[in-house]
Structure formats: C-alpha cells, structure tokens
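First the structure, in the form of structure tokens, and then the observations on it.
The values are calculated or read from the model by the stated rules, or taken from the named source; none is laboratory data. In this text the structure is predicted, and so the values were computed from the model without any measurement. No Cβ is skipped: glycine too gets one built from the backbone with ideal geometry, and neighbour counts run over all protein chains shown. The protein model used for the area step is the full one, side chains on, heavy atoms only, and it has no ligands, DNA or RNA in it. Shrake-Rupley method; radii C 1.70, N 1.55, O 1.52, S 1.80 Å.
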Amino acid sequence: MSQIIIQGGERLEGTLRVQGAKNSVLPILAATILHPGQTVLRGCPHLSDVEASIRILQHLGCEAQWEGEDLTVNAAPMGRWDIPDHLMREMRSSVIFLGAVLARFGWAEMSYPGGCELGPRPIDLHLSTLRRLGADLREEGGRLRCAAQQMEGREIALGIPSVGATENAILAACGAEGETVLVNAAREPEIVDLQNFLCAMGCKVRGAGSSTICIAGRQETHDATYSVMPDRIVAATWLSAVAAVGGEVELEHINYRHLSTVTAALHEAGCRISGGEGKIGLRSEGRLRAISAVRTAPYPGFPTDAQAVLMAALLRSKGATVFVENIFENRYRHVDELRRMGADISVADRVAVVTGTSELYGAPVRATDLRGGAALMVAGLAAEGETRIGDIQHIQRGYEDPVRDLRKLGAAIRLE
Ligand code: EPZ
C-alpha cells in the first residue's frame, strides 16, 4: 500500500491552482441524470469519490468520458434505477443519487450508504424530505425501495440545514409537479454551484446561498457545459500548510469569500492574507499565535472540513486554542495520530484544546479519514524529520494529487 513520505521543515513558496470542488461535483454528477442527454463538466477533479460516482452512473446505463480535466456524461441511455450495495458503500455521499433517480424514473432502489469515520451518517432528513414530496419509501432488508410516480411540489422545512438533504431535495423537486420551497436550506457555496449547473441544463432553481430555495419542477432540459467551482477546503488545506511551516503562497482559481472564516483565523494567528479576483495570498513568518475559539458551523460559519487542517497548523503556535466541533460527533480521530508527532491536544466530547509546543517530530502515522489525513500532511510539513503517512486512500478521496501540489511549493514529499 502506498505511503506519503514527508521530510519536514522546508519553507514553502510558490503559486498553486486549486482543483475543482469535490463537494460540488459529487451532487452535480448525480444531477446529470436529470437530463436524458449530454453534459460536459469542465475542471472536474480526478478523485476516487468522483470515480465511484462515475461507476454508479455507468451502472445506471449512463456513459462517462474523461478528456483531461473535462468529464462528459451522456445520461440518455440510462435504463436502471437500482444501485447495488457494493457501489453504495464505496462512497458515503452516494445517497445523493436518490433524489435524482426518483426525479428521472419515479423509482429507485438502493441500500443505505456506508457509515463513515466521522460517526453515524443518518439520512433521516433526506428520507423525510422525499416523503414530503410524495415519495413512498420502504426499507426492506437494508435496501430502500422507493416509488415516486407523482411527486408534488410543496413547502418543506429542514430540521437542520443539512447539505446533503438540501441537495437531495433540490434534485427530487426538479421531478415534482409544481413549485417546491425549501426552508432552512443549507447555504454552502456548493449548493449555489449545483443550482447554477441545474439552471444551465434548463431547470428552474433559485435562492441557493440563502436559507430559502425555490424549485419549479418538470422543466424541459437540454445539453449543457458547466465549470465546477474551486475547492475551498483544498484551498484551506494549502493555506494551513504554508501557515504551519512558514513561507508564501498565492492560490489561483479560488473565491476568497468562500473561506473567509478560515483566512480570518489564519490572520489572527499571525499570517498576512491578501485576497484578489480569483486569488488568495498568504505569507507566514515565525511562530504562529494561538487564536480565539474555533467553533464549526454551517456555512457561512467556520467549515467543519477545515477543522483538522487548521488544528494541525496551530500545533506549534504560542498559547492554546479551543476547538468546538458542532457538526459531527466523531471528528477528532486525527488527534491520536497528531499526538504521535508530539502534539499536545486534549479532547473532551466536542471540545479539543490544542496547546502549542515548540517542536513536532516526524513519525509513522495513518490517515483516519479524508480531512484527518490532510491534517497529517500539514503537521508532517512542519515536523522535524520524516513523517510516513499510511492509509492514504482516505486522502485520495478529496485531493487530486497532494504530492504534486505540495512539491510545487518546495515540499520534500514523495509517494512510495
Ligand atoms: C456534506 O456532508 C459534505 N460532504 C461534508 O464534507 C461536510 O463536512 C458536510 O456537508 C458539512 O458541511 C459532501 O458534500 C459530499 P450534512 P453531509 O448533511 O451532506 C446530520 C468532506 O470532508 N444529519 O450537512 O453528509 C449529520 O449527521 C465531507 O469533504 C442528520 O442528522 O453533511 C451531521 O451531523 C465530510 N440527518 C450534520 O447533520 C440527515 O439526514 C450535518 O450533516 C443528514 C445529516
């Protein structure tokens, strides 16, 4: 099994173009089946989660073809509405196909998505939203059998602003008769990207980015070409890496407003931040300072997906920083691995306190989940000596080629 090997301590400097957003392209890939024709996704990141989505599309009868960073999907030949267990389990967010398959066919059959490293990943909000639209969902032996021959648009209030449930509701509502209004919808930028893609295909969706989203169902769709938005969490990762070890970076192909809570935290820690059209610059000299409490929250609050990498950047800071993880129950699995590198972190339930130490030491560690694995890369860059990261399949779910990108900044990093 490959490992990522890092010799820490190298100052990072240079320019990086940010890859397309995993959490935008995954719902957009599900959305392609709403149109029985061709869609071209420009700037689609080459990720294992994207390959898993493509396998699901191909199982359903769709065609998918890469051309560099562009992915062309032809959903005209789609002829099935069932997703087998092994494909559902490959990717936690495979449930996002439920709404789109129901909208296209009025039937769907799939198993519950695999749980994941972050704790239980319930889909009760997904299912209750689809039932509100008139879908008949039955669980039989771990498989969900769904019938939705005639979904009716209506007002639906989400108990919590769940990103996935919002996306599933939008996709299902595209197949419902009349208008659907989602209240207390998630406001993440990836949902705005999904809306923009759907509208490019002829659907009628408005309000994404706010808590109220309106969908007019059963629109005539047509072929479309769409550029996927940049990945704000990958951008947060690279900024955290340069902040941790010192240096200067300019990120291209990024909307600095999408990660303003992350750049605010890094600025408070002592980094110099500059934001321009499509760019973010960061300069970090000397030891970072501890910052005020970091509380993860739905967008536009501090993103839970950036919690681990910011924590890694602060491991050698002066002082102590409190983290409160409000979104997921079990999102501190990277802490034990960071402790193996000399980190001083104490955890009690949703709270983690990071007390900066002057030194971190390279060590053999293992990625526990996608962003926890990214945190190990950030810590390894700042540590003395060699860090060997195992179980990097977690990292490959969301980072196209971290060795390529970090090497471009001067990191002593390789894949073995
Ligand atoms: C999306 O997951 C992202 N994944 C996650 O990114 C991200 O951390 C999360 O949103 C929050 O921003 C994708 O977009 C593919 P939620 P999702 O539904 O949709 C609970 C990464 O690292 N909940 O907003 O699963 C849930 O348990 C990944 O890129 C229910 O209780 O997140 C969680 O505690 C990790 N019932 C909270 O809501 C439901 O039906 C927020 O989850 C659905 C969710």
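Taking Ile156, Ile191, Ile33 in turn, the Gaussian network model of the chain (Cα-Cα springs below 10 Å) assigns the largest fluctuation to Ile156.
Near the amide H of Ser227, within less than 5 Å, lie the amide hydrogens of Arg42, all on another chain or at least 5 residues away, with H placed in the peptide plane. What angle do you read, to the nearest 10 degrees and between 0 and 90, between the alpha-carbon axis of helix 189-200 and the longest principal axis of the chain? Roughly 40 degrees, rounded to the nearest 10.
Given their separation in residues at 0.36 nm each and the Cα-Cα distance between them, Glu359 and Gln58 gain 103.4 nm when the chain is fully extended.
Distant-in-sequence amide contacts of Asn326, defined by a placed amide H-H separation under 5 Å and a gap of 5 or more residues or a different chain, comprise Thr296.
For the stretch 22-227, the share of DSSP beta bridges that are antiparallel, to the nearest 5, is 70%. Taking the Cα centre of each part, how many Å lie between the stretch 1-47 and the stretch 160-196? So the separation of the two Cα centres works out to 22 Å.
The protection proxy used here, the mean number of other Cβ atoms lying within 10 Å of each residue, ranks peptides 47-55, 131-139, 145-153 as follows, highest first: 47-55, 145-153, 131-139. Across the stretch 22-227, Cα pairs under 8 Å and at least six residues apart give a relative contact order of 20 percent. Taking the accessible area of the chain, probe 1.4 Å, and keeping the other protein chains in place, the carbon and sulfur fraction comes to 47%. Taking Cα atoms only, the orientation of helix 48-59 departs from the longest principal axis of the chain by about 20 degrees. The overall shape of the stretch 22-227 is rounded: from the C-alpha gyration tensor, with semi-axes ordered a ≥ b ≥ c, the ratio a/c is less than 1.5.
Of the listed residues Trp238, Trp66, Trp81, the order by accessible area with a 1.4 Å probe, largest first, is Trp81, Trp66, Trp238. Surface exposure of the chain, expressed per residue as accessible area with a 1.4 Å probe, stands at 37 Å².
Ranking Thr129, Ser111, Leu34 by how far each Cα lies toward the positive end of the dipole of the stretch 22-227 (charges on Cβ) leaves Thr129 at the top.
Using equal-weight Cα scatterers in the Debye expression, the normalised intensity of the chain in log10 at q = 0.10, 0.12 Å⁻¹ is -0.66, -0.93. Beta bridges from DSSP with both residues in the stretch 128-230: antiparallel share about 70 percent, rounded to the nearest 5.
The peptide list 160-170, 266-276, put in order of mean Cβ contacts within 10 Å with the highest first, becomes 160-170, 266-276. Computed FRET efficiency, Cβ-Cβ of Met1 and Asp85, R0 25 Å: what is it to the nearest 0.05? Here the calculated transfer efficiency is 0.55. Using just its DSSP H runs of length 4 or more, each adding -39500 (n - 2.57), the chain gives a mean residue ellipticity at 222 nm of -9000 deg cm²/dmol after division by all residues.
Under 15 Å from a label point set 7 Å out along the Cα-to-Cβ vector of Arg414, the amide N atoms of the stretch 3-28 belong to 3-8. Within the same chain, aspartates and glutamates fewer than 8 places from Lys318 are excluded, and of the rest, those with a Cα less than 19 Å from its Cα are Glu268, Glu285, Asp344, Glu359, Glu384. Each of Glu329 and Lys204 was given a label point 7 Å from its Cα along the Cα-to-Cβ line. The distance between the two points is 4.2 nm. What residues of the stretch 258-287 lie in the reach of a label at Arg42, counting those whose backbone N is under 19 Å from a point 7 Å from the Cα along Cα→Cβ? Answer for the stretch 258-287: 277-279.
Taking the DSSP bridge list for the chain and keeping only pairs wholly inside it, about 70 percent are antiparallel. Computed FRET efficiency, Cβ-Cβ of His222 and Ser274, R0 41 Å: what is it to the nearest 0.05? After rounding, the FRET efficiency stands at 0.50.
Axis angle, to the nearest 10 degrees, between helix 163-173 and the longest C-alpha principal axis of the chain: 20 degrees. Each semi-axis of the equivalent ellipsoid for the stretch 1-128 is √(5λ) with λ an eigenvalue of the Cα gyration tensor; in descending order they amount to 30, 20, 13 Å.
Based on Cα contacts under 8 Å between residues 6+ apart, the chain shows a relative contact order of 21 percent.
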